[in-house]
Amino acid sequence: MADINLQEIHDLLISIAHEAGKMMLTATPSYLDSGTKKNSADLVTETDKAIETMVSTRLQSSYPTYSFIGEETFISGETVLTDAPTFICDPVDGTTNFVHAFPAFCISLGFTVNKIPSVGVIYNPFLDELYTGIKGHGSFVTRHGGEKLRLPLKKEPEPLGELSTCLVGAEWGSDRTGNNFDVRHQVFVKLCAAKENGGAMVHSIRCVGSAALNLAYVAAGQQDVFWEGGCWAWDVAAGWCILVEAGGIMVSANPGDWEPRVDGRVYLAVRGAPSGQKGVVEEFWGVVGERRLSY
Ligand code: IPD
């Protein structure tokens, strides 16, 4: 790690993210011409593929010996995250939003060393919001090219109370049958239900439609918690670095695992708080209960 210049990598990823942003804004995606991967809720567009090609070409020319994992070129069972320095790219996170022109999509560029997220860059070109982080050096947001603000946005974040005081990010995902859909459905209901009905009565649930942006919002302190299963390393690697640098933590979406893997596919992110996150994690795991997401 000593000879890896994280600042240089961070600067290159920002330059690539801006190029990707221009490609997204000049594209005219539509759900009519987008393809699907697993099912009709799992979309991919020509823009996803074109951006990934641009990203991998630029990274390859600057860092030919580093590994690369990208959503569009990932081969199940073959592409594996190792301890090697690795770029992890989601060319368009929030593809469904992208094809509907709903303004919550971004490029997510992470860099891991020893499987630890060490640089993160997330750029939403529609809102011109850039989230960045470097391991050990904090994380930041820059809006409209203006002032670079340190995350979390509040200098003194409030202590985390019970879930009933939390704004929770969660997604419906693209699995709409079987155990994973049942668990998700049950968690949504229990989070929202009134306490007298056995629920956690959270302030509300937000379905942003991009795991990377959800993580950025938790890092910023604008969401307290984000719970998700089924997404991939490229959805979370960048946001994970940004979150941790803002004082947040990442644990598993399933109860009991305080040290999930970047490619573990089940995640619970909690914002930084002076009181720590243990109470809210354990309460959330109580909501998930006995049944597990399995990916
Ligand atoms: C998806 C988004 C979504 C999450 C899915 C991801 P994509 O990524 O992050 O919020 O619920 O699990 O696959 O397909 O838009 O890159």
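The values are calculated or read from the model by the stated rules, or taken from the named source; none is laboratory data. Treat the numbers as computed from the prediction; the structure is a model and nothing was measured. As a convention, Cβ positions derive from the backbone with ideal geometry for all residues, glycine included, and neighbour counts pool all protein chains shown. Protein only, heavy atoms only, side chains kept; ligands, DNA and RNA dropped before computing areas. Shrake-Rupley method; radii C 1.70, N 1.55, O 1.52, S 1.80 Å.
With 88, 51 as the choices, which residue is more than 18 Å from residue 24 (Cβ to Cβ) and within 16 Å of the ligand (Cβ to nearest atom)?
On the way: 51 fails: more than 18 Å from residue 24 (Cβ to Cβ).
From the options 88, 51, the qualifying one is 88.
So which of 229, 247 ends up being open to solvent by less than 20 Å² (accessible area, probe 1.4 Å) and farther than 18 Å from residue 162 by Cβ? Can you show your working first?
Values: 247 fails: open to solvent by less than 20 Å² (accessible area, probe 1.4 Å).
Checking each option against the conditions leaves just 229.
Any idea how many residues of the range 91-120 are touching a Gly at 6+ places or on another chain (Cβ under 6 Å), closer than 21 Å to residue 53 by Cβ and either in a helix (DSSP H, G or I) or more than 15 Å from the ligand (Cβ to nearest atom) (or both)?
0
Inspect the range 258-267 for any residue being among the basic types (Lys, Arg), under 21 Å from residue 159 (Cα atoms) and modelled with pLDDT of 95 or more and give the result as yes or no. Quick ask: steps written out before the conclusion?
The first filter runs over the range 258-267 and keeps only residues among the basic types (Lys, Arg), leaving 261, 265.
Filter once more, keeping what is under 21 Å from residue 159 (Cα atoms): none.
Among the residues of the range 258-267, not one is among the basic types (Lys, Arg), under 21 Å from residue 159 (Cα atoms) and modelled with pLDDT of 95 or more, which makes the answer no.
Filter the range 167-184 down to the residues that are surrounded by fewer than 20 Cβ atoms within 10 Å (Cβ to Cβ) and within 23 Å of residue 217 (Cα to Cα), then identify the one that is farthest from the ligand (Cβ to nearest atom).
So the residue we want is 167.
Cβ contacts < 7 Å: first residue of a type in the set (Lys, Arg), restricted to the range 140-168; second residue in a loop (DSSP other than H, G, I, E, B) and open to solvent by 30 Å² or more (accessible area, probe 1.4 Å), any location; separation 6+ or different chain. Result?
Here the result reads 143/128; 154/221, each pair linking the range 140-168 to a residue that is in a loop (DSSP other than H, G, I, E, B) and open to solvent by 30 Å² or more (accessible area, probe 1.4 Å).
Give 190, 135, 195 a once-over and let me know the one that is basic (Lys, Arg), over 14 Å from residue 226 (Cβ atoms), modelled with pLDDT of 95 or more and in the same structural domain as residue 112 (by TED's automatic domain parsing). Outline the logic, then answer.
On the way: 190 fails: in the same structural domain as residue 112 (by TED's automatic domain parsing); 195 fails: in the same structural domain as residue 112 (by TED's automatic domain parsing).
So the residue among 190, 135, 195 that is basic (Lys, Arg), over 14 Å from residue 226 (Cβ atoms), modelled with pLDDT of 95 or more and in the same structural domain as residue 112 (by TED's automatic domain parsing) is 135.
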